[in-house]
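Encoded as structure tokens, the structure appears first; notes follow it.
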Amino acid sequence: MSKLWGGRFTKETNKLVEEFTASISFDQKLAKEDIAGSLAHVQMLGECGIIPMEDANKIKDGLLSIKKMLVDHEVEFLVEDEDIHMNIEKLLIEKIGPVGGKLHTGRSRNDQVATDMHLYLRTKTTELVKLLEDVQQALIGQAKENVQTLIPGYTHLQRAQPVSFAHHLMAYFWMFERDKERLLDSLKRINWLPLGSGALAGTTFPINRERVAELLGFETVYPNSMDAVSDRDFILEFLSIGSIIMTHISRFSEELVIWSSQEFQFIELDDSFCTGSSIMPQKKNPDVPELLRGKTGRTYGNLIGLLTVLKGLPLAYNKDLQEDKEGMFDTVETLEGSLKLLAPMIETMTVNKDVMRKVINNDFSNATDIADYLVRKGLPFREAHEVIGKIVLFAIQSNKFLLDLTFEEFQEFSPLFEDDIYTVLAPEHVVAVRNSFGGTAPDQVMKQIKLAENLVTRSIRR
Ligand code: ARG
């Protein structure tokens with residue numbers, strides 16, 4: 001059989017053109033969705049009497065047997081049939097004869113391809129929410145073990161104030177929680193059905209778009225056929241959300257790389273998540289978090305790529321739109337691969353509580369607390385800040401930390417110091433008194449974990 005659109009042509013397509021314009025090498029990933037869309041469409045054609053129900057049933061049977069062939073890897077896609085839509089239609093006609101040609105009544109590849117991608121992203125979005133929840137569960141698991149584990153909290157990557165390690169981990173929980181919300185919210189827009197818009201202007205057949213929407217589980221139909229076939233903002237939205245998720249993964253990965261360095265040694269990644277060096281036998285490299293960080297770049301690229309494709313396109317369909325797919329698949333696959341690795345990597349990492357403890361004992365991250373101490377004794381904060389600055393300088397010069405200073409030394413800087421200063425400066429105390437809602441005190445962190453656990457189990461039930 002020649003090309004499905006071959007009627008008005010007098011020459012064969014140039015081979016290079018055929019290869020250049022074909023999308024089957026990548027859009028075959030939409031095969032399942034393409035068949036699902038066709039099944040609903042043909043059912044509606046039959047119900048509306050646009051084609052005889054008997055023909056609709058033959059087409060449905062044909063489509064179902066192609067679906068089975070796909071599962072059994074018995075289908076060979078051909079570049080000369082250009083894309084997944086024409087490959088499947090051609091297979092159908094080969095299978096059931098000319099009646100298969102009735103399937104394309106009242107639709108176009110333009111509304112068909114848009115529908116396929118809506119269906120694809122709907123499934124992937126839901127799956128990604130589950131994968132994000134696996135990561136959240138892993139974070140909760142480690143957090144629960146480390147409510148009392150203290151690490152320096154940093155600003156400017158300089159030690160600032162001690163925090164519970166659980167608090168630090170849970171910060172990522174909330175980032176992923178918002179990512180999940182973003183994905184779930186985007187479903188509202190993914191659930192608009194383009195099918196029934198025809199090439200751009202609608203169709204002359206008495207179709208029932210609501211019925212197709214119902215069959216495919218869409219919430220509503222696009223009210224404007226030109227918008228329906230031209231819209232790719234549902235993909236842009238997905239790529240934006242995907243980029244944000246990868247940004248969060250990347251920041252966390254960066255911390256894992258730093259924390260597992262010889263200089264920090266706060267954590268150790270499990271051997272099964274690291275690789276060695278071909279030349280330096282002592283090396284254990286954190287390749288996984290490095291790659292997670294590195295792969296973030298391609299997801300940004302996919303977003304910018306599609307934004308650029310769309311920015312100058314006149315309505316309605318233009319072949320440029322075929323460029324929407326590879327980036328979308330790539331971001332989906334990058335997210336899936338990344339989230340699947342992240343969860344077990346978090347679960348299996350070892351937290352070096354002793355190292356963290358030593359670090360906390362040997363720093364000035366309790367300095368804010370002596371300032372607050374003097375303020376509570378009546379000194380204005382600015383003056384207190386000045387006094388403590390001098391104490392810190394003195395301590396550095398004497399090779400000591402604040403808790404090593406003698407009571408007499410404290411008194412020389414201010415007569416307001418009493419011997420309770422040693423309790424106030426103990427790291428546990430420093431953390432425990434940050435007991436405001438959302439703060440790092442163990443009580444608050446526990447509350448936060450409870451809240452988080454409820455959220456994760458609630459949305460799993462959803
Ligand atoms: N493969 C095409 C794409 O992905 C399908 C739509 C083709 N439509 C057309 N009028 N050429 O965009």
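Quick notes on this structure:
- Interchain or long-range residues, amide H under 5 Å from Leu193's placed H: Thr220, Val221, Tyr222
- Look at where the Cα atoms of the range 417-445 and of the range 70-109 average out, and the two centres are 69 Å apart.
- Rounded to the nearest 10 degrees, the inclination of helix 287-311 to the longest alpha-carbon principal axis of the chain is 50 degrees.
- Cross-link reach list, aspartates and glutamates versus Lys32, counting only Cα pairs under 12 Å and skipping chain neighbours closer than eight places: Asp116
- A viscosity of 0.692 mPa s and a temperature of 37 °C, combined with the Kirkwood radius over Cα pairs in Stokes-Einstein, give a translational diffusion coefficient for the range 167-289 of 177 µm²/s.
- Alpha-carbon centroid distance for the pair the range 114-168 / the range 220-253, whole angstrom: 21 Å
- Restricting attention to the chain, close to 80% of DSSP beta bridges with both partner residues there are antiparallel.
- Against the compact-protein benchmark of 2.2 N^0.38 Å, the Cα-based radius of gyration of the chain scales to 1.35.
- Long pairs among Lys15/Lys295; Lys295/Lys447; Lys180/Lys283; Lys11/Lys60; Lys29/Lys340; Lys144/Lys295, criterion Cα-Cα beyond 27 Å: Lys15/Lys295; Lys295/Lys447; Lys180/Lys283; Lys11/Lys60; Lys144/Lys295
- If you sort the three axes of the alpha carbon gyration tensor as a ≥ b ≥ c, you get a/c of 1.5 or more for the range 1-141 and a/b no higher than b/c, which makes it oblate.
- Shape call, the range 312-357: gyration tensor on alpha carbons, a/c limit 1.5: prolate
- Degrees between helix 165-190 axis and first principal axis of the chain (Cα, 0 to 90, nearest 10): 20 degrees
- Helix 325-348 axis, angle to the chain major axis (alpha carbon atoms, nearest 10°): 40 degrees
- Here's the picture: charge each Lys and Arg Cβ at +1 and each Asp and Glu Cβ at -1 in the chain, and of Leu92, His118, Phe407 the one pushed furthest to the positive end of that dipole is Leu92.
- With contacts taken as Cα pairs under 8 Å and at least 6 residues apart, the range 29-119 reaches a relative contact order of 37 percent.
- Relative contact order of the chain, taken over Cα pairs closer than 8 Å and 6 or more residues apart, is 16 percent.
- Peptides 377-384, 297-304, 117-124 ranked from most to least packed give 117-124, 297-304, 377-384, packing being the mean of other C-beta atoms within 10 angstrom over each peptide's residues.
- Calculated [θ] (222 nm, deg cm²/dmol) that DSSP helices of n ≥ 4 give over the chain, each run adding -39,500 (n - 2.57): -20500 deg cm²/dmol
- For Lys400, the lysines whose Cα falls under 28 Å of its own Cα, not counting residues fewer than eight places away in the same chain, are Lys353, Lys358, Lys377, Lys390.
- Shape of the range 377-462, Cα gyration tensor, a/c cut at 1.5: prolate
Where a number appears in this text, it was derived from the coordinates with a stated rule and is not lab data. The model shown is predicted, which means the values in this text are computed figures rather than measured ones. Quick reminder, even Gly has a Cβ in these numbers, built from the backbone with ideal geometry, and neighbours come from all protein chains shown.
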